[in-house]
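Comments concern the structure below.
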Amino acid sequence: MLSCKSLLSQTINKKRKKNKSKNKNKNSSTRFSKKHNLVSKKQNYEEEEEDCEEGFNFKTSAAPSHTHGVQPLGNLYINPGSINSRNTGLGNLQTLTDELVLDILGLLGGTHLGVLATVSKSFYVFTNHEPLWRNLVLENMNAGFLYNGSWKSTYVAACYPSFDVSSVDVSGLRVRDFYSDYLFQSWLCANLEMKPEWLQRDNIIRRKGISVEDFVLNFEEPNKPVLLEGCLDNWVALQNWDRDYLLQLCGDVQFAVGPVDMKLQEYFRYADQVMEERPLYLFDPKFAEKVPKLGSEYEVPVYFREDLFGVLGNERPDYRWIIMGPAGSGSSFHIDPNSTSAWNAVIRGSKKWILFPPDVVPPGVHPSPDGAEVACPVSIIEWFMNFYGATKNWEKKPIECICKAGEVIFVPNGWWHLVINLEESIAITQNFVSRRNLLNVLDFLKHPNANALVSGTRDRVNLHDKFKNAIETSFPGTVDQLVQKAEEKKAQQKQSFWDSVTDSKVGAFKFSF
C-alpha cells in the first residue's frame, strides 16, 4: 500500500499555472512531487531520498484529478478545519478500512450498488469505484461485452439496453473533502506514465546470430536469460500482424481475455478506451486452433525446437499463447508453469522486462510455502512505485531490458519475471521442455500437491507418469542418462549458484486477471 502524503493538490495547481504561462496549449499533463517516500519504512531506500523531489508524469489522456474528487489522506492534514466526508458519510462503518468496505460492497449486485449510491456522498464514491463494476461485468458476461467508456456504463448498457447510457454524464459528481489513500491510489496507478528511470537499466546479455551450441552452453545449461536479435526476420507475422490485418483475418473470432472471451474487434475497442490500473490482457492458448493461419505465420526459433512435451501430443499442457494488450497491461511477478523454460517474441510494440533468479524473491512478492499462490501488489505500476527503488542496492540486482519488435527473450525455468507493455503490443510466447530442464520438470510434476501446482491440463495428478512413460518410449534411456550425468557433475564439483537456482520446487504460477 503506497503512502500518498505528498502535497498533491497544491503541486498540481502550481504545475498548471507554470505550464499555462509557458505554453497555453500544453495542458494535457501534470506532475506532482514526492515529498515523502512512497514506500514503507521497512524498505531500506537509502538512495530513494535523492529522488524525493522528482515528479511523475501523467498520461496525456488522463484527467487532471480523481473523477469524484478523491484526494490522498495526507492532504487532509494541510487543510485546517476540514472534515473527511468519507467518515461522516459511512456512519458507523467508518471504522472499517477502505479495502474492507469495498470487499463488502463486492458482495452486492449492480442494482443494490445503485441504490446504496443515493444514501450519502461517501457511499456514492465507494459504490462508483470502477473495479466493483469491472468485477460485475467479468462475472456475469462470460460471452463477451462491448466496453462503453467505463465499467459501470458497460454494465448498465448490457443489463438495461433500453436505458440511454450516453445521456448520463460519465464524469459523475465531485465530492468535496473526501480523503482516501486506497481509492486515490487506484486512480493514480491507472494514470501515471512509466518514469524514465524505471526504463534506463538494461543489463541483459544480447546476442545475434549465435549457434545453437553456443546458446545451450552459455545460456540454457547455466539457466541464464538472454535477448536474441535477428531470429524473427523470416516470420510472416513480423511483416503482417498489425491491427488492420488481424481485424480482417479474425476480427469476429473470440479470444481468451482474462476470465472471459471477447471478439478481437471488441477487445481493440476496449483497449482504445480503457484507462485503468490493471488493463485486461488478451492471452489465448488456443489461437492456432481457432485461426490456423496465425499458427502458420510464425515458426519456433531454432534455439527452442527441442520440446519434449511434444511426445504427449494433444495431451500436453498448454504451451503457446498469442498476447495482445494496450500500454500498461502485462503480467505481475510470476514463475512460468510446470518448471518449464520459455521464449517470448515481440511482433509489435515493446515490453519492459524485470527478472530475478529463482533464489531471489522480488521485493513485495510473497509466495506461499508450497508455491501454489503468489501475493503481490495489485498493479505493476504500484510495484514500480513502491519496490523498484529497493533493488538499486541489492547485491543480486534484477536483470532488466526492453524487448522490442523483432526481438526474443529467453526466460529460463524458475526465474521470477514481470512484464509491462510500454505501448500497444502483440507477441507470441511458448513454454518448452528440453533435455536441459527435463529432470526439473519431472521432479516438479510428481510433487505431492501436483493437483494445485500443475497447470494447463485437466489431468494434473497423472501428468508425471504419462510424460515419463512417453519419454521412455520415444527416447529410451534418456532419463537414466540425465540422472547419471547430474550425479556425476554433483560429485565432481561443489554446487554452484546456477546449479542451486534450477530447483524445480520453486512453485508454479497461474495466470489470473
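What to note about this one:
- Listed values for segment 421-433 are Karplus-derived 3J(HN,Hα) couplings in whole Hz (6.51 cos²θ - 1.76 cosθ + 1.60, θ = phi - 60°), namely 6, 8, 7, 4, 9, 10, 8, 10, 9, 9, 9, 8, 10, and x replaces Gly and Pro.
- 21 Å Cα-Cα threshold exceeded, pairs from Lys208/Lys489; Lys195/Lys404; Lys195/Lys352; Lys224/Lys352; Lys208/Lys404; Lys195/Lys392: Lys208/Lys489
- Rounded if a/c under 1.5, otherwise prolate or oblate - segment 255-361, Cα gyration tensor axes: oblate
- The calculated FRET efficiency for the pair Asp233 and Asn203, based on their C-beta separation and a Förster distance of 25 Å, comes to about 0.50.
- With 0.36 nm allotted per residue and the present C-alpha distance subtracted, the Glu395-Glu299 stretch has 30.7 nm of extension available.
- Proximal charge balance of Val300 [Cβ under 12 Å; K/R count +1, D/E count -1]: -1
- Couplings 3J(HN,Hα) of segment 255-266, computed from phi: 10, 6, 10, x, x, 10, 10, 9, 5, 4, 5, 6 Hz, in residue order, whole Hz [Karplus 6.51 cos²θ - 1.76 cosθ + 1.60, θ = phi - 60°; x for Gly and Pro].
- Reachable aspartates and glutamates, given that their alpha-carbon falls under 20 Å from the alpha-carbon of Lys263 and they are not under 8 places away in the same chain: Glu139, Asp242, Asp244, Asp252, Asp272, Asp284, Glu289, Glu424
- Net charge of the neighbourhood of Ile204, taken over other residues with C-beta under 12 Å away and scored Lys/Arg +1, Asp/Glu -1, is +2.
- Per residue, segment 305-455 exposes 29 Å² of solvent-accessible protein surface, assessed with a 1.4 angstrom probe and all protein chains in place.
- Taking amide H as placed 1.01 Å from N in the peptide plane, Tyr179 has its amide H under 5 Å from the amide H of Gln71, Ser85, Arg86, each at least 5 places away in sequence or on another chain.
- Accessible surface of segment 408-467, 1.4 Å probe, proportion on carbon and sulfur as whole %: 44 percent
- Segment 212-334 - percent relative contact order, Cα under 8 Å, separation 6 or more: 26 percent
- Summarising the amide proton neighbourhood of Ser82: residues at separation of 5 or more, or on other chains, whose placed amide H is nearer than 5 Å comprise an empty set.
- Nearest-10 value in Å² for the accessible area of Lys152, using the 1.4 Å probe: 60 Å²
- Counting only protein heavy atoms and a probe of 1.4 Å, the accessible surface of segment 213-343 is 42% carbon and sulfur.
- Take Tyr160: with every protein chain present and a 1.4 Å probe, its accessible area is about 110 Å².
- The listed peptides 449-460, 183-194, ordered by packing as a protection proxy, come out as 183-194, 449-460 (highest mean of other Cβ atoms within 10 Å first).
- Loop-located chymotrypsin sites (Phe, Trp or Tyr not before Pro) in segment 334-441 (DSSP state not H, G, I, E or B) with no more than 11 neighbouring Cβ atoms inside 10 Å: Trp394.
- Whether segment 165-310 is rounded, prolate or oblate, judged on the alpha carbon gyration tensor where a/c under 1.5 counts as rounded: oblate
- In sequence order, segment 195-204 has phi-based couplings of 5, x, 5, 6, 10, 6, 5, 9, 10, 6 Hz under the Karplus curve 6.51 cos²θ - 1.76 cosθ + 1.60, θ = phi - 60°, and Gly or Pro positions carry x.
- Of the residues Asp98, Asp318, Asp359, the one with the largest accessible area comes first in the ranking Asp359, Asp318, Asp98, computed with a 1.4 Å probe on protein heavy atoms.
- Annotation: amide H-H contacts under 5 Å for Ile354 (H modelled 1.01 Å from N, sequence separation of 5 or more, or interchain): Leu418.
- Three-way shape call for segment 327-367 based on the alpha-carbon gyration tensor, with the a/c threshold at 1.5: oblate
- Inter-label distance for Asn462 and Val216, nm, one decimal - labels placed 7 Å from Cα along Cα-to-Cβ: 3.3 nm
- Rolled with a 1.4 Å probe across the full set of protein chains, the surface gives Ile104 an accessible area near 80 Å².
The values are calculated or read from the model by the stated rules, or taken from the named source; none is laboratory data. Every value quoted in this text rests on a predicted model; they were computed, and no experiment measured them. All Cβ positions, glycine included, derive from the backbone under ideal geometry; neighbour counts span all protein chains shown. Only protein heavy atoms, including side chains, enter the accessible area calculation; ligands, DNA and RNA are left aside. Shrake-Rupley method; radii C 1.70, N 1.55, O 1.52, S 1.80 Å.
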